[in-house]
Structures are given as structure tokens and as C-alpha cells.
Amino acid sequence: MPHDNTPILIGGAQFTQRTAQEKNWRASQSPMEMLIKAVRMAAEDTGVADAVLSKADNISVVRFTADSSEVGRLPVGQYKNAPRTVAKAIGASPEREYYTAAGGNTPQWLVNRTAEEIARGETNIAILGGSEDLATMTAALNEGAQLDWGDDPGGEPIRIGDDRSGTNAQEKAHALYFPVNVYPLFENAIRADKGRSIREHQKALGELFSKFSKVAAENPHAWFPKARSPEEISTPSESNRYIGFPYTKYMNAIIRIDMAAAVIMTNVKTARALGVDEAKWVYLHGCGDAHDLWYFTDRTDFHSSPAIRTIAKKSFAMAGKTVDDMDYFDLYSCFPSAVEIGAQEIGVALDDPRGLTVTGGLPYFGGAGNNYVMHSIVTMMEKLRARPRSFGLLTGNGWYVTKHSLGIYSTEPFEGEWKREDPAVYQKEIDAMPHPRFEPTPSGKGTVETYTVVNGRDGPSMGIIVGRLENGDRFVAHSRNDPATLNKMMDEDCLGRPGVVTPGDKTNTFVFDGE
């Protein structure tokens with residue numbers, strides 16, 4: 001029998017608003033209206049909606065993307081205390097009103113954190129949720145329309161999570177605050193590690209994400225429910241241009257979506273007292289949270305993640321399970337490199353017949369901003385309830401393979417005392433790992449460690465190179481900005497190529513030998 005204070009998920013719901021997709025954005029609900037709808041739906045899923053809504057003592061809202069931009073808030077209004085706005089709408093008076101930091105890891109991190117509060121008796125009934133109205137927002141702003149989605153119900157929420165900027169000054173100067181520019185750098189490093197040619201690797205990426213699109217095609221909540229062939233995904237075309245080489249458009253997360261999702265958490269004793277059907281109970285058997293070396297340019301390499309490796313080990317140990325015991329996976333999939341690194345560190349093959357997504361992934365299901373993983377949690381709950389005693393593992397990823405969270409779920413009861421190792425303990429070990437020194441003003445001979453070419457609608461526009469000086473120090477630079485160089489970087493393998501780097505007022509420049 002599970003202990004009375006064992007944390008469980010008892011309700012979950014999600015929905016997709018298609019008004020903007022149907023060119024009718026003026027009929028869209030606001031992000032707060034969507035969030036409240038998802039919360040009510042999740043409460044209905046418990047079978048005791050009135051009780052969980054009125055007795056909720058913890059309301060946690062995942063930060064809206066419009067409120068978490070690296071370049072400042074977007075002009076669409078602001079919810080000054082989103083948890084309290086939700087509370088007023090549902091008739092709750094929570095003791096805790098939480099608003100999270102940004103990051104794709106956030107929903108799973110929030111579940112892990114809330115589970116600890118429940119196990120310690122600090123929270124009894126928790127509502128966790130988020131929404132994104134990015135398709136409606138974009139459509140409105142493109143038409144020059146004014147949006148006022150704000151609300152000020154009074155008070156200030158408790159702000160939780162790591163809200164440090166994901167980039168340092170040098171990375172920002174070289175346009176490495178855009179995920180579409182950073183993740184391709186991981187991808188070419190992965191290709192180097194695997195010893196593949198550009199064409200071989202491109203083919204493998206198409207095969208990987210074609211499977212994701214097929215899952216999305218069968219998901220009624222998916223923004224793009226269409227199966228695509230490996231060739232369609234990997235081959236550049238008029239409708240599938242390169243974004244950041246080697247990624248075509250169909251390999252990138254799509255954030256212009258309108259989606260909301262929420263879950264309800266409590267403990268075993270309360271669930272029994274409320275009369276929640278035990279068939280709805282989903283246990284968090286294992287979990288972990290950690291981050292890799294914070295800045296991209298400090299990483300030991302660009303094809304691995306010590307943090308994911310660590311939290312996978314800790315989570316499996318807590319659950320008393322192995323990767324072979326898992327029936328379902330949802331690996332964070334903003335770009336192929338996130339999936340490849342995650343699968344490698346967890347120990348699951350990219351072609352595993354169990355599949356690596358239950359939603360269809362961020363490029364096809366939809367990249368619901370900071371809240372995507374809430375959708376994968378709800379979907380995982382549905383899978384596990386439909387197949388009692390099965391197990392599912394999912395991951396979340398924030399910034400640039402930086403912040404990571406992992407959860408192992410099942411309807412099988414968790415036996416014994418629910419307690420996990422303090423993430424701060426193993427974070428110290430990750431932070432102490434050796435890594436190359438970063439040189440902000442490099443000068444002299446160097447070689448290419450990884451690279452990408454940024455593409456706009458009119459073709460290649462900028463080459464970004466991460467390299468090593470002769471003394472082993474790492475640097476970041478731009479290539480020459482001429483069509484011949486940029487096209488050559490996409491047509492020929494530039495990994496390991498030598499050249500000379502020179503510092504500049506704002507950005508460094510790398511010139512290949514022979515240019």
C-alpha cells in the first residue's frame with residue numbers, strides 16, 4: 001500500500017484552439033481564458049471537480065512565452081498575478097500562488113517540485129497549468145491590432161525557478177540567443193561524433209523525425225496532424241527551406257500555436273477522502289532535475305549532456321526500474337539534436353520500436369512555448385491509464401540543452417516513502433566537470449569544432465563557428481559573410497577545417513585557410 005502522503009496526479013486535460021489556424025483569430029480566447037478552461041477540464045477529469053477547485057491550496061502557472069522573451073516583454077498586456085486570476089475564476093483561495101521561470105523543462109520540474117511539497121505535507125491539492133496563444137498573438141500583431149490580455153487581481157505571485165539568462169555577452173553578440181542558431185551547432189557536433197557525411201546525417205534526421213510526424217498525424221490535439229516522409233523532412237525545398245543548417249523548416253519547433261494544458265496533484269489520503277477513482281491515479285515513480293554547464297560555450301562538448309545522464313540515473317534508481325521497463329517515452333524534441341542527446345544519455349536507441357514521443361513532438365504536435373511538457377504529461381497520463389501498470393518516461397529541456405527535468409510515471413502504486421535525492425547534491429558534481437576555457441577575444445590559428453549557417457527567406461545570411469585555438473581554448477566567431485563562403489559551408493564538410501580568427505569590436509571573424 002502506498003503511504004498516505006504519497007504524491008499522485010489525479011486529473012489532466014489539454015486542448016488546442018484553432019481559430020487563428022482558421023484565419024479567425026478575433027474569435028480566439030485569451031491565454032488566461034484558455035488556461036482557466038484547461039484547469040476546469042482537468043478538474044472534471046478527476047471526477048470530483050467542485051471539491052478540487054474549491055479546496056486547491058496551490059496554484060502554479062507556467063510562465064507565458066510573451067512574458068519571457070530575451071528581448072523584453074511583447075506588447076500584448078500582462079497578467080500581474082496569473083495564479084490569483086485563475087483562483088478567482090474557479091473560486092479557490094490558495095495559500096501558494098506560484099509563477100515559474102521560463103524554460104521547456106518547467107512543467108516537469110514543477111511536477112517534481114510540487115510532489116516534494118505534497119510528500120512533506122506543505123501542499124494538499126495543487127493545480128498546475130499553462131497556455132500559449134502565440135498563433136493568435138502573431139496574427140493580431142501582423143495586422144497591427146492591439147491586444148490587451150492583462151489583468152491585475154492584486155498581490156504578487158511567488159516567482160520560482162531559475163530565471164538566469166541563457167546566454168553570456170559573447171554568445172549574444174554572435175546571435176547565439178536564438179535557439180534556431182544554437183541547436184544546429186549541437187547537430188553538426190553530433191554528426192562529427194558519429195563520423196557521418198552531411199548527406200548521411202541528413203538522411204538519418206529525416207528518418208528520425210518522420211516517425212514523430214506519424215504520431216502527430218494520429219493526435220487530435222496536434223497543430224500539424226500530417227505524416228511526412230523522411231525525404232520530405234530532410235530535403236530542402238521551397239516550402240522546407242533551411243533555417244539553421246543542417247535543419248530544414250520541418251525539423252524546427254513551431255511556436256505559433258494556441259494550446260493549453262493543466263494537471264491536478266494531491267496525495268493518496270486526500271484522493272481517497274474525495275472519492276477519486278483509483279484507476280485515475282498516476283504515480284511519479286522517479287524524477288530528477290539538473291542543468292548542464294550554464295553557458296553553451298562552456299560545455300565539455302556539444303554532443304552529450306552530463307545533466308541528462310545524471311537525472312536519468314537518479315530517476316531510474318528512485319523508481320527501481322531500468323530503461324527496458326519503460327513502455328512509453330516522450331523525449332523533448334524542439335530540434336533533432338535534443339532528441340539524439342536525450343536518447344543517448346537515457347540509453348534508448350533512436351529506432352526503438354516503443355517510439356520516442358507520445359504527442360508527435362514540438363515541430364508537429366506544436367511547440368507550446370514553456371508549457372509543451374504539460375501536454376506530454378497529460379498525454380502520458382492518458383496512455384498509462386489506458387494500459388494499467390505500464391510505465392512512461394518523459395523529459396523537459398530549457399534554453400540550449402541547458403536545464404533538464406525527467407519524470408517516470410505509472411498507475412502502478414509507488415511503494416514505500418516517496419522521497420528523492422536533493423538535486424543540489426548532484427548538481428555540484430556536474431558543475432565541477434572539466435571543460436575548455438573560453439576566449440572572448442581570440443586571435444590566431446584555430447580549427448572548427450562545430451558550425452552552422454543561418455538562412456533567411458532569401459538564402460544563407462550568416463555563418464557561425466565555434467572553434468578551438470592551438471592552445472585548446474574555445475572561441476565563437478562569424479565566418480566571412482559572402483555567398484561563396486556560406487554556400488560552401490553547407491555544401492562541404494567544414495568540421496575540423498583550419499583557419500585564422502581575429503577579434504572585432506562586437507564579433508570575431510574566422511577565415512578558412514585558402515580563402
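If you take the residues of the range 231-258 that are buried (at least 24 other Cβ atoms within 10 Å of the Cβ) and without any contact (Cβ under 8 Å) to a residue 60 or more places away in the chain, which of them is nearest to Ser197 (Cα to Cα)?
Checked the range 231-258; the qualifying residue nearest to Ser197 (Cα to Cα) is Ser234.
Pick from Pro94, Pro75: which is modelled with pLDDT under 95, of a type outside the set (Lys, Arg) and more than 23 Å from the chain's Cα centre (by Cα)?
Answer to the check: Pro75.
Under 8 Å between Cβ atoms, at least 6 apart or on separate chains: pull out the pairs that start in the range 111-123 with a residue that is closer than 17 Å to Ile377 by Cβ and hydroxyl-bearing (Ser, Thr, Tyr) and end on any residue that is assigned to a loop (DSSP other than H, G, I, E, B) and at pLDDT 95 or above.
Thr114/Thr123
Among the residues of the range 1-37, count how many are assigned to a loop (DSSP other than H, G, I, E, B) and in contact with a Lys or Arg (Cβ under 6 Å, 6 or more places away or on another chain).
Kept after step one, since they are assigned to a loop (DSSP other than H, G, I, E, B), are these residues of the range 1-37: 1, 3-6, 17-24, 28-30.
Next, from what is left, pick out any that are in contact with a Lys or Arg (Cβ under 6 Å, 6 or more places away or on another chain): 4.
Going through the range 1-37 one residue at a time, the tally reaches 1.
Scan the helices (runs of 4 or more DSSP H) fully inside the range 72-162 and keep the ones with 1 or more residues being more than 30 Å from Lys419 (Cα to Cα) and either out of contact with any Ser or Thr (no Cβ under 9 Å at 6 or more places or on another chain) or assigned by TED's automatic domain parsing to the domain that holds Thr395 (or both).
It comes to 82-90, 134-142.
Among (1) assigned to a helix (DSSP H, G or I); (2) within 29 Å of Tyr400 (Cβ to Cβ), which single condition is Ala271 missing?
All conditions are met except number (2).
From the list Ile59, Ile36, Ile90, Ile118, pick out the single residue that is farther than 27 Å from Gly367 by Cβ, buried (at least 21 other Cβ atoms within 10 Å of the Cβ) and not charged (D, E, K, R).
Ile118
Run down Gly396, Gly446, Gly361, Gly367 and say which single residue is farther than 29 Å from Gly12 by Cβ, small (Gly, Ala, Ser) and crowded, with 23+ Cβ neighbours inside 10 Å.
Exactly one of Gly396, Gly446, Gly361, Gly367 is farther than 29 Å from Gly12 by Cβ, small (Gly, Ala, Ser) and crowded, with 23+ Cβ neighbours inside 10 Å, namely Gly446.
Just to verify a result, which residue in the range 401-427, among those that are assigned to a helix (DSSP H, G or I) and free of Cβ contacts under 8 Å to residues at least 60 places away in the same chain, is nearest to Leu176 (Cα to Cα)?
The qualifying residue nearest to Leu176 (Cα to Cα) is Ala424.
If Asn5 satisfies all but one of (1) surrounded by fewer than 17 Cβ atoms within 10 Å (Cβ to Cβ); (2) free of Cβ contacts under 8 Å to residues at least 24 places away in the same chain, what's the number of the condition it fails?
Condition not satisfied by Asn5: (2).
Yes/no matrix, rows are residues, columns are (1) surrounded by 18 or more Cβ atoms within 10 Å (Cβ to Cβ); (2) in contact (Cβ under 8 Å) with a residue 24 or more places away in the chain:
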residue	(1), (2)
Glu429	no, yes
Pro440	no, yes
Pro460	yes, yes
Ile465	yes, yes
Gly496	no, yes
Asp505	no, no
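So, in the range 171-196, how many residues would count as being within 24 Å of Lys506 (Cα to Cα), among the charged types (D, E, K, R) and under 17 Å from the mean Cα position of the chain (by Cα)?
Within the range 171-196, residues that are within 24 Å of Lys506 (Cα to Cα), among the charged types (D, E, K, R) and under 17 Å from the mean Cα position of the chain (by Cα) number 0.
Are there any pairs with C-beta distances below 7 angstrom linking a residue in the range 275-298 that is under 16 Å from Gly342 (Cα atoms) to a residue that is among the hydroxyl-bearing types (Ser, Thr, Tyr) and part of a strand (DSSP E or B), with the two at least 6 apart or on different chains, and if so which?
Close Cβ pairs (under 7 Å, with a partner that is among the hydroxyl-bearing types (Ser, Thr, Tyr) and part of a strand (DSSP E or B)) amount to Asp289/Ser405.
Among the listed residues Ala216, Ala261, Ala271, identify the single one that is in contact (Cβ under 8 Å) with a residue 40 or more places away in the chain, buried (at least 17 other Cβ atoms within 10 Å of the Cβ) and not assigned by TED's automatic domain parsing to the domain that holds Asp50.
Exactly one residue qualifies, and that residue is Ala216.
Restricting the search to the range 480-515, which residues are farther than 18 Å from Ser197 by Cα and in contact with a Phe, Trp or Tyr (Cβ under 6 Å, 6 or more places away or on another chain)?
Gly499, Val501
Consider Lys314 carefully, then state whether it is in contact (Cβ under 8 Å) with a residue 40 or more places away in the chain, in the same structural domain as Thr402 (by TED's automatic domain parsing), farther than 24 Å from Gly11 by Cβ and of a type in the set (Lys, Arg).
yes
Can you spot a residue in the range 116-134 that is more than 30 Å from Asn267 (Cβ to Cβ), more than 22 Å from the chain's Cα centre (by Cα) and not aliphatic (A, V, I, L, M)?
No, there is no match, as no residue in the range 116-134 is more than 30 Å from Asn267 (Cβ to Cβ), more than 22 Å from the chain's Cα centre (by Cα) and not aliphatic (A, V, I, L, M).
Considering each residue of the range 348-390, count those that are acidic (Asp, Glu) and over 22 Å from Leu128 (Cβ atoms), and give that number.
In the first step, residues of the range 348-390 are kept if they are acidic (Asp, Glu); the result is 351-352, 382.
Then keep just the ones that are over 22 Å from Leu128 (Cβ atoms); that gives 351-352.
The number of residues fulfilling the criteria is 2.
The values are calculated or read from the model by the stated rules, or taken from the named source; none is laboratory data. What you are looking at is a predicted structure, and each value in this text was computed from that prediction instead of being measured. No Cβ is skipped: glycine too gets one built from the backbone with ideal geometry, and neighbour counts run over all protein chains shown.
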